[in-house]
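Asks: Please read through the structure below; I'll follow up with questions.
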Amino acid sequence: MALLTSGTKRKKSLPWTCLIPCVMLLFAAFFIGSAFIVTECKEKMLGWQLIESFRMTKPSMCEDECRPEGSETLPRGIVAKTSNLEMHPLWGPPNKKKSKSPMSLLAMAVGIKQKQNVNEIVKKFPETDSVIMLFHYDGIVDEWKDLAWSSTAIHISAVNQTKWWFAKRFLHPDIVAEYAYIFLWDEDLGVENFNAGRYLSIVKEEGLQISQPAIDADVSEIHHQLTAREKGSRVHRRAINIKGPGRRCYEDSTEPPCTGWVEMMAPVFSRASWRCAWYIIQNDFVHAWGVDFQLGYCAQGNRTTNVGVVDSEYLIHYGLPTLGGAENEKSSLAQEKTLKQESLSNEGQTGLPESHPSDARNAVRKQSLVELERFKNRWKKAVREDQCWVDPFQQPVKQKR
């Protein structure tokens, strides 16, 4: 019995003796596996650390790289910063114009009543070197289709809007960046003595960033002496007006409208100057009165040399008040003065004035004068609040003459 009991005890202890080696094997496998896992984790962590290190050093590598707002998450090569007004066919290669010189853009606000005159203006711009863009303020577009160039022109329609309203919304500098010069003209201009090719040659040779063709004073209404054609001259950049009506201008005058100034009926902008001028046009104003006196800040340097009037290529200004009134109406200086006084006393009014309930043209002029005063105040406020801005044309205290 004793032997039997002893044998039985040894049999019962056998499972425990087998369990110990198994546990040891499991521990060995665990440690060996852990070593591989730790090594793999270390390699992965090292990889992430390298990526993070690269990310941390990338800003210092690209701190001078300027990316358009909103494109920061895109690779630089895919970002299309600019566009143009070229039309493309629905299939096949685009029909690109073969131009030997940089393209120009002619943009005008037009109405159907001036169709014939607009046609004469457009024909002065070579089709191979120019893009035509018409802003239809009367909403009539189809009646222009019979003109030969109409199918290749860009037509935009919005009723009773000015060319500055259109320009602010459809001539963003990035959209028109391809065009070397931008002609932003009125529709009531006579072009018998104007040639676009010769005009651009003169502008380039003279280094004019902002310019306009001179106005023939013999047959046009002149608002500022600077725009009047000087016979026998090629280009002039200043006017002298000591005794005549309007602002006095002397030989040493350095401010608009004596120098560094063009009128808003027929301005021509270089690509660089338009990129600046577009920002001056206020989105909530439609007549842009007052903007002309600040365009010199966009002249890419000295406004007294980079802004000028071309005399050898000149225009007639018919002065047709086509927006908001009869075509034969002419406002006198006395009427304008009266309207200005009324506008200042009723700045908040935007509809037809009570004193002229049926005269839409006077209402337009009144609104223009209201915007002029608001623009002046807005400019003064901007100058006052911008502590970093330095006026490049700041003048010393004037001495009495």
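The values are calculated or read from the model by the stated rules, or taken from the named source; none is laboratory data. From a predicted model like this one, the values you see are computed outputs, not experimental measurements. All Cβ positions, glycine included, derive from the backbone under ideal geometry; neighbour counts span all protein chains shown. Ligands, DNA and RNA are stripped out before the accessible areas are found, and what is left, the full protein with its side chains, is counted by its heavy atoms. Shrake-Rupley method; radii C 1.70, N 1.55, O 1.52, S 1.80 Å.
Asks: Just to be sure I understand, how many residues within segment 353-371 are open to solvent by less than 30 Å² (accessible area, probe 1.4 Å) and modelled with pLDDT of 75 or more? Step through it out loud before you land on a result.
Replies: Start the filter on segment 353-371 by keeping residues that are open to solvent by less than 30 Å² (accessible area, probe 1.4 Å), which leaves 353, 362-363, 366, 368-371.
Next cut, modelled with pLDDT of 75 or more only: 362-363, 366, 368-371.
Total satisfying the criteria: 7.
Asks: Still on this structure, please answer the following. Working carefully through the options LEU208, LEU134, find the one that is over 27 Å from PHE285 (Cα atoms), open to solvent by less than 20 Å² (accessible area, probe 1.4 Å), under 21 Å from the mean Cα position of the chain (by Cα) and at pLDDT 95 or above. Break it down into steps so the answer makes sense when it comes.
Replies: Working: LEU134 fails: over 27 Å from PHE285 (Cα atoms).
It is LEU208.
Asks: Would you pick out the residues in segment 245-290 that are among the small types (Gly, Ala, Ser), surrounded by 18 or more Cβ atoms within 10 Å (Cβ to Cβ) and not in a loop (DSSP other than H, G, I, E, B)?
Replies: SER270, SER273, ALA277 - these are the residues of segment 245-290 that are among the small types (Gly, Ala, Ser), surrounded by 18 or more Cβ atoms within 10 Å (Cβ to Cβ) and not in a loop (DSSP other than H, G, I, E, B).
Asks: Just to verify a result, which residue in segment 113-131, among those that are open to solvent by 40 Å² or more (accessible area, probe 1.4 Å), modelled with pLDDT of 95 or more and not basic (Lys, Arg), is nearest to GLU178 (Cα to Cα)?
Replies: My answer is GLU120.
Asks: Also: Do any residues in segment 220-248 that are free of Cβ contacts under 8 Å to residues at least 24 places away in the same chain have Cβ atoms under 7 Å from those of residues that are part of a loop (DSSP other than H, G, I, E, B) and of a type in the set (Val, Ile, Thr), where the two are at least six apart or on different chains, and which pairs are they?
Replies: Taking only residues 6 or more apart or on different chains, the pairs are ALA228/ILE222; ARG248/ILE242.
Asks: Can you tell me which residue in segment 137-153 is nearest to MET87 (Cα to Cα), limited to those that are open to solvent by 30 Å² or more (accessible area, probe 1.4 Å) and in contact (Cβ under 8 Å) with a residue 24 or more places away in the chain? Walk me through how you get there before you give the answer.
Replies: Step one: filter segment 137-153 for residues open to solvent by 30 Å² or more (accessible area, probe 1.4 Å), giving 138-143, 145-146, 148-149, 151-152.
The next check asks that each one be in contact (Cβ under 8 Å) with a residue 24 or more places away in the chain; those that pass are 138, 140, 143, 149, 152.
Working: ASP138: 24, ILE140: 21, GLU143: 21, TRP149: 14, THR152: 8 Å.
Among them, the one singled out is THR152.
Asks: Please determine, by comparing only the residues of segment 161-177 that are among the basic types (Lys, Arg) and in contact (Cβ under 8 Å) with a residue 12 or more places away in the chain, which one is farthest from SER83 (Cα to Cα). Steps first, please.
Replies: The first filter runs over segment 161-177 and keeps only residues among the basic types (Lys, Arg), leaving 163, 168-169.
Retained after the next criterion (residues that are in contact (Cβ under 8 Å) with a residue 12 or more places away in the chain): 163, 168.
On the way: LYS163: 21, LYS168: 16 Å.
Across segment 161-177, the extreme among qualifying residues is LYS163.
Asks: Would you call ILE154 among the aliphatic types (A, V, I, L, M) and modelled with pLDDT of 95 or more?
Replies: Working: among the aliphatic types (A, V, I, L, M): yes; modelled with pLDDT of 95 or more: yes.
Considered against the rule, which asks whether it is among the aliphatic types (A, V, I, L, M) and modelled with pLDDT of 95 or more, ILE154 comes out as yes.
Asks: Please determine, by comparing only the residues of segment 232-244 that are touching a helix residue (DSSP H, G or I) at 6+ places or on another chain (Cβ under 6 Å) and part of a strand (DSSP E or B), which one is farthest from ASN84 (Cα to Cα).
Replies: Checked segment 232-244; the qualifying residue farthest from ASN84 (Cα to Cα) is ASN241.
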